[in-house]
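This report concerns only the one structure given below.
The values are calculated or read from the model by the stated rules, or taken from the named source; none is laboratory data. Being a predicted model, the structure only gives us computed values, none of them experimental. Cβ placement follows ideal geometry from the backbone for every residue including glycine, while neighbour counts extend to all protein chains displayed.
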Amino acid sequence: MANNISTHQATEDARNDDILIYVDGKIVPKSEAVVSVYDSGFMLGDGIWEGLRLYNGKWAFLNEHIERLFEASIAIDLDIGKSRAEVIQALEDTRIANNISSDAHARLMITRGVKKRPFQHPSLSQSGPTFVIIIEHSKPKLPRPINLATVPHMRGLPMTQDPKLNSHSKLNCIIACIAAEKAGADEALMLDINGFVNTTNACNFFIVRKGAVWTSTGDYCMNGITRQKVIDICKSNGIEIHERNFSLVDTYGADEAFLTGTFGAQTPVGMIDGRAIGNGELGPVATKIRSLYKNLVVEDTK
């Protein structure tokens, strides 16, 4: 278990010990950044979040991330209490207060607020919402490609807990990750309700077969912004791309596999269920996509 790594593994940075954190309109030292034990997020996982990367003083694909945050707020009937411009301003205020200009990751967290009593009914959340922004100095650092293990835990149906939501209720994914770690892997490969390969517990999943990129239909996976950027990159650069159902048999025989996410961009997968994928490193197609994605980030953050 000691050798496990994560798609969110970052270089240690001592500056993160002294960061300032936004909590409900105030920017305070890390040691003072606290929320109530009656908070809906702490008590019930009742909240939404968004993650962003900072490059050259600008947040990559900012508008898409903010739009996804507000769509999630509508879906769970949570009034953020701020306009899109005000949320962006709070993010920028926090960045400036920390004097951070690049290589950083932000997590915006919004819950239904402080509850009057410790029960689930949303009407009991009478003080809120709670709005927190954490920005950390953060450079991805992977000592080797990620190893995955297929687990029995699935992403839910939209009528249970829609997997497209960036919800604070992450227990299903956490249990999947634990199962994968107990199987000796780093993270979990999760199937959809029909048994097709879907996503991991933390990232979207892609394979490459005979030069063509495959990913799931998107029906049961996270609504990944980086995932969509990769799909768009393939379509605009002559790389064959399929959003389709595919099985573990297809996956084990893939030439390459990689994950996508805001933090790690494109992360190579070396092994799945004890089977080496390709040469176990980032393959040529994924390498090309990574380069094109970097160009896209540079263009977006000019």
Wholly within segment 5-67, strands (runs of 3 or more DSSP E) carrying at least 1 residues that are of a type in the set (Asp, Glu): 47-55
Can you pull out every residue in segment 151-206 that is touching a helix residue (DSSP H, G or I) at 6+ places or on another chain (Cβ under 6 Å) and more than 25 Å from Glu64 (Cα to Cα)? Val151, His153, Glu187, Ala188, Met190, Val197
Restricting the search to segment 239-257, which residues are in contact with a helix residue (DSSP H, G or I) (Cβ under 8 Å, 6 or more places away or on another chain) and not in a loop (DSSP other than H, G, I, E, B)? Ile241, Glu243, Glu256, Ala257
Go through Ala60, Ala90 for me and flag whichever is out of contact with any helix residue (DSSP H, G or I) (no Cβ under 9 Å at 6 or more places or on another chain) and at pLDDT 95 or above. Ala90
Selected residue (criterion: farthest from Ile80 (Cα to Cα)) from residues of segment 112-130 that are assigned to a strand (DSSP E or B) and within 26 Å of the chain's Cα centre (by Cα): Val114
Would you kindly identify the strands (runs of 3 or more DSSP E) lying entirely within segment 154-233 that contain at least 2 residues that are modelled with pLDDT of 95 or more and outside the structural domain of Asn295 (by TED's automatic domain parsing)? none
Of the residues in segment 67-119, how many are over 19 Å from Ile21 (Cβ atoms) and either surrounded by 20 or more Cβ atoms within 10 Å (Cβ to Cβ) or outside the structural domain of Leu20 (by TED's automatic domain parsing) (or both)? 4
Answer yes if at least one residue in segment 243-251 is at pLDDT 95 or above and within 27 Å of Asp103 (Cβ to Cβ), and no otherwise. no
Return the residue satisfying two criteria in turn: it lies in segment 258-302 and is touching a helix residue (DSSP H, G or I) at 6+ places or on another chain (Cβ under 7 Å) and assigned to a strand (DSSP E or B), and of such residues it is surrounded by the fewest Cβ atoms within 10 Å (Cβ to Cβ). Arg275
